[in-house]
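Below: the structure, in structure tokens.
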Amino acid sequence: MTESKTKVRIAQLIDSLDPGGAERMAINLANEFSERGIDHRLWISRHDGGLSPLVYEKHRLHFLNKKSTFDWRAFQNLLIQVDSFRPDLIHAHGTSVYWSIALKWFRPTLKLIWHDHLGISNEVITSNPRRELDWLARWIDFIVTANQSTEEYWKTREIITKEKIQYLPNFPHLFPIDKKENQTFTFLHLANYRPEKGQLLLLEAAGLMVKKGLVFKLRMVGKAVDHNWKTKILQVRSDLGLDSIVQLDGEVQDIAPVLADANAGLVASDREGLPVAILEYGLASLPVISTAVGQCPQVLGFGQFGVLVPPGNPDLFAIEMEKMLSNRNKSSELGNLFQDHVKSHYGSDHFFSPYLSILKLLLPTQLPSD
């Protein structure tokens, strides 16, 4: 689809560009829109967060400097941007759906796609049932989810018709990776520091491996979204005597060198959608050990392209880490197999083909059906 074939304009809205799965997807979408000739904007309501350099066309970025939920000045800024760009559709990520709904009250001709990145679990449903969407959803034209369980959840809730709720797989951004040869086998965990991301489980697994005399390195990379949690992880690392084994890093903008320096990728979460990190592991040809949460089992071919373990079990995680460590050749072969799988089944076309069908449904005059 090229700009010469359609006049569709799409504006994405997201809270920040902090390192995270939803934020990386917003950037991946922006870059794909640019490559596909789709006129677009990426509006960030609160702050940069450090990922803006990854956006190809910087002139399409705009920061609203939102200070609070009811920041009227920032909302007026958003209205000015809407009236200037005149988008046909707002693609709202996560909690940005609320301002996008309010935007439709002022500009009712806009179409709204809500991209829900939240992984669904009993804990999430109990702690954050989002009951307000039972009546706010009348202003949502389509829901895109990052995993099948979330799609099924919203279809069960019936906040909009089931035909307008669809899971679309996240896709990674393709980038060159110059692999390094490490003498010490390095496990990589790309995830922000939050309790559900499993950093504590990995420390416990690492402690079990050290007791066996195994030589390895574990590197954790992510933003301290929960500062108390990172403080706890630092303390547990020290208590277990892992300071020289486990490297705790903050957020990074360019993850290619980080991936190049690793031998295996880890997902240890209690719940997930479809983490972009697991796809990036694949592009870097890293073998993966993942908890069986969200779309991770599907991405790993239910064990064909990577190792799956139940969540919350450091003993089993340690066993699989030891297996991967003890057989580098087999691990490398598994990583190459996973890379081929990701490139074949999780490229951008697997998102954009159904996404184009959604656009045709919502904007039939700009995008008539074939």
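Things worth noting here:
- Of all residues in the range 69-85, those satisfying the criterion of being touching a strand residue (DSSP E or B) at 6+ places or on another chain (Cβ under 8 Å) and either among the hydrophobic types (A, V, I, L, M, F, W, C) or exposed (fewer than 13 other Cβ atoms within 10 Å of the Cβ) (or both) are Ala74, Leu78, Val82, Phe85.
- Of the residues making up the range 285-306, those that are of a type outside the set (S, T, N, Q), buried (at least 21 other Cβ atoms within 10 Å of the Cβ) and either at pLDDT below 95 or closer than 24 Å to Leu118 by Cβ (or both) number 8.
- Condition broken by Met220, with the remaining ones in (1) crowded, with 18+ Cβ neighbours inside 10 Å; (2) touching a strand residue (DSSP E or B) at 6+ places or on another chain (Cβ under 8 Å); (3) part of a loop (DSSP other than H, G, I, E, B) satisfied: (3)
- Scanning the range 307-331 for residues that are crowded, with 17+ Cβ neighbours inside 10 Å and modelled with pLDDT under 95 yields nothing.
- For the residues Glu181, Glu152, the requirement of being without any contact (Cβ under 8 Å) to a residue 60 or more places away in the chain, open to solvent by 60 Å² or more (accessible area, probe 1.4 Å), over 30 Å from Gly213 (Cβ atoms) and among the acidic types (Asp, Glu) singles out Glu152.
- Every residue from the range 223-243 that is hydrophobic (A, V, I, L, M, F, W, C) and outside any loop (DSSP other than H, G, I, E, B): Trp229, Ile233, Leu234, Val236
- If you go through the range 23-61 and pick out every residue that is polar (S, T, N, Q), open to solvent by 10 Å² or more (accessible area, probe 1.4 Å) and in contact (Cβ under 8 Å) with a residue 60 or more places away in the chain, you end up with 1.
- Any hit, the range 43-50, residues being out of contact with any His (no Cβ under 8 Å at 6 or more places or on another chain) and at pLDDT 95 or above: yes
- Helices (runs of 4 or more DSSP H) contained entirely in the range 244-312, each with at least 1 residues that are closer than 16 Å to Gly198 by Cα: 276-283, 296-299
- Among the residues of the range 253-284, the ones that are of a type in the set (Gly, Ala, Ser) and surrounded by fewer than 21 Cβ atoms within 10 Å (Cβ to Cβ) come to 2 in all.
- Matching residues, the range 118-140, being at pLDDT 90 or above and within 14 Å of His93 (Cα to Cα): Ile140
The values are calculated or read from the model by the stated rules, or taken from the named source; none is laboratory data. Everything numeric in this text was worked out from a predicted model, so none of it was measured. Backbone-built Cβ (ideal geometry, glycine too); neighbour counts: all protein chains shown. Just so you know, the surface numbers come from the protein's heavy atoms only, side chains and all, with ligands and any DNA or RNA stripped out. Shrake-Rupley method; radii C 1.70, N 1.55, O 1.52, S 1.80 Å.
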